[in-house]
Amino acid sequence: MAFSVGARHGILASKGWLVHALPGTLSPHIIAIQRSAEIQALRGSSHSNTDSQHNEAYCIDLVRKRDYDGFVCSLLSPEVSRRSSLALRAFNVELAQVKDSVSQKTIGLMRMQFWKATIEEIYRDDAPLQPVSTELWKAVKQHGLTKRWLLRIITEREKDMEDRAYRNLQELEAYSENTQSSLLYLLLESLGVKNVHADHAASHIGKAQGIVTCLRAVPYHSSRRKVYLPMDVCMLHGASQEDFIRGSREQNVRDVIYDIASQAHVHLEHARSFSKNVPASAAPAFLQTVVLEDYLQKVRRADFDVFHPSLRNRNPLLAFQLYLRSWKKTY
C-alpha cells in the first residue's frame, strides 16, 4: 500500500515540477488542463487508497472475530508479510465457515465453486472486487504464492461438505494436512522461506492443529447433535455418538479424547524434531503451536473431559506467551 501511494505521489510531483519549471512556455489553457488532470489523478488515488484500506480492514475484522488466535499470530508476523498473513487467514475463515453457514449442501458447493473460480481469476491477474479475494490477489502478486495449496484447501473443504464423521484418525490427519498444513505452506512462502525441514515441520503442525480444532469443536457440534470424531477411536472405547451428543463425561468418552489428543501431541513433537534445521525466519508461521500446547495442557488438566467448563476460558496470558515465543524465534 505504501509503495503504490508513494509511486502516485511521485508522478504528481513530476508533473507539478514541469508546470512550475516552464511557466513561460506553457499557455494558460495547457496549464488549466494539466491542473485538472492532477486533481483527477489525486481523486483516483484517494479512492483507490480508501478501497485498499477497506479491504484490509475487512480481513482484519473477519480474522479477529472468527480466528482470534490466528489474528494475534498474524500481528506478530514481520511487517512485510503481515498483511498477506491476514489475507490468507481470512481466506481460510471464509472457507471454514461455509459448512455451518448454509442450510443446504448445494449452496455450500456453489460457494466453493465461486472460490475455485476466484483463484483461477487471481492467477490470471483479474481478481474480483471482493475484499478477501482482492487482498489474496495482492498476496499472490507480492510473494508468488503457490496456486496448488490454495486449490487444495478449497477441494478438501468441498469434500467436507458431506457432513459425516471421520472414519478413522488417518482420515482426520489427511484432512488436516490438506487444509491446515497447506495454509502453513502458504504462510512460509509469504515469509520467503523455502526449506524442506520447515515444510516437514509445517506438515506435522498442521495435522496437530486440525486434530485440536476437531477436539475444541466437540461441545459446539454436540449441541447441534453432530459428531465428527474418528469412528474407529470411538468404537475402540465403546463410545457412541449419543454419548457425545448428551455431553457424557464417562471414562470411555475421556479415553476417546485422550487417544486423539495424544496423536496431536505426537505431531507437535515430530515437528520440533526438525527445529535445529528450520530457519528462524520460519518461526512466525509456527506461532500457532503455542495455542495448541495451551489447549492440550488444559484438556489434560481437565482429565480429558472435553466438556469441562475450564476449556471455554481463554488464557489471559496467551498473547504474552505468543509474543515471548515470537521474540525467541522458536516453536
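The values are calculated or read from the model by the stated rules, or taken from the named source; none is laboratory data. It should be emphasised that the depicted structure is a prediction, and the values quoted were computed from it without experimental measurement. Here the Cβ positions follow ideal geometry from the backbone for every residue, glycine too, while neighbour counts run over all protein chains shown. These accessible areas exclude ligands, DNA and RNA; they are computed on the full protein's heavy atoms, side chains included. Shrake-Rupley method; radii C 1.70, N 1.55, O 1.52, S 1.80 Å.
Each label was represented as a point 7 Å from its Cα along the Cα-to-Cβ direction; for Arg301 and Arg167 these points are 3.9 nm apart. Extending 7 Å from the Cα toward the beta-carbon at both Leu129 and Gln113 defines two label points whose distance is 2.4 nm.
Helix 251-272 versus the longest principal axis of the chain: what angle, 0 to 90°, nearest 10, using Cα atoms? Here the helix axis deviates by roughly 50 degrees. Annotation: for a label point projected 7 angstrom from Cα along Cα→Cβ of Ala280, no residues of the range 181-212 have a backbone N closer than 15 Å.
Taking Cα atoms only, the orientation of helix 196-216 departs from the longest principal axis of the chain by about 60 degrees. Heavy-atom surface analysis with a 1.4 Å probe gives the range 232-309 a carbon and sulfur content of 50 percent of its accessible area. Could you state the number of Å between the C-alpha centres of the range 144-185 and the range 95-126? Centre-to-centre distance over Cα atoms comes out at 14 Å.
What angle do you read, to the nearest 10 degrees and between 0 and 90, between the alpha-carbon axis of helix 318-328 and the longest principal axis of the chain? Relative to the chain, helix 318-328 is tipped by roughly 70 degrees. The trypsin sites (Lys or Arg not before Pro) of the range 116-199 that meet both conditions, a loop assignment by DSSP and at most 13 other Cβ atoms within 10 Å of the site Cβ, are Arg124, Arg164, Arg167, Lys194. Between the entries (1) 26; (2) 18; (3) 40, the label attached to percent of Cα pairs over 38 Å apart calculated for this structure is (1).
Taking the range 56-199 as the region of interest, the number of lysine pairs whose Cα atoms are within less than 21 Å, with members eight or more places apart or on different chains, is 14. Model label points for Lys194 and Glu121, set 7 angstrom from Cα along the Cα-to-Cβ axis, are 3.0 nm apart.
Note that the range 185-286 presents 45 Å² accessible area per residue, ligands and nucleic acids not counted, probe 1.4 Å.
Annotation: extensible slack from Leu151 through Glu250 equals 31.6 nm (criterion: 0.36 nm per residue apart, minus Cα-Cα distance).
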